[in-house]
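**Q** I have a structure I would like to understand better, so I am pasting it below and will then ask my questions one at a time.
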Amino acid sequence: MKVKKGDNVLIISGKDKGRVAKVLRALPKEHRVLVEGINAKQKHVRPKREGEKGQVVAVPAPLNVSNVKFVCPKCGKPTRLGYKLTDSKKFRICKKCQSEV
Ligand SMILES: [Zn+2]
């Protein structure tokens, strides 16, 4: 999986299609990513103490990595990522502008 935590991604399917947001967590085993404010599910929180009100909070749910596209921080375009090897070091490169990301 090429997308990492902290990357900006473009959502390409679902109700948040077209939005760009930051990856909060990458879940490589499940091929899923948790993206800030995307795919939010309503969660009902019960009052913990007497006199407190129950609340409805929006919690982002992970979405499949195939539903997002990496957005290059250098050229700002949604792109695919490639890898480049130099002196046993591995870099991710933007396929559009060829810069290291
Ligand atoms: Zn680029």
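So that you can scan it fast, the table gives a plain yes or no per residue for (1) under 11 Å from the mean Cα position of the chain (by Cα); (2) more than 20 Å from Lys74 (Cα to Cα); (3) modelled with pLDDT of 90 or more:
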| residue | (1), (2), (3) |
| --- | --- |
| Met1 | no, yes, no |
| Asp7 | yes, no, yes |
| Val23 | yes, no, yes |
| Pro28 | no, yes, yes |
| Arg32 | yes, yes, yes |
| Gly37 | yes, yes, yes |
| Pro47 | no, yes, no |
| Val59 | no, yes, no |
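**Q** Given (1) touching a residue at least 24 places away in the same chain (Cβ under 8 Å); (2) away from the ligand (no atom under 16 Å from the Cβ), identify the lone condition not met by Lys69.
**A** Unmet condition: (2).
**Q** In the range 72-101, how many are over 18 Å from Pro28 (Cα atoms) and near the ligand (Cβ under 10 Å from one of its atoms)?
**A** 17
The values are calculated or read from the model by the stated rules, or taken from the named source; none is laboratory data. Keep in mind that what you see is a predicted model, and the values were worked out from it rather than measured. Here the Cβ is made from the backbone with ideal geometry for all residues, glycine too, and neighbour counts use every protein chain on show.
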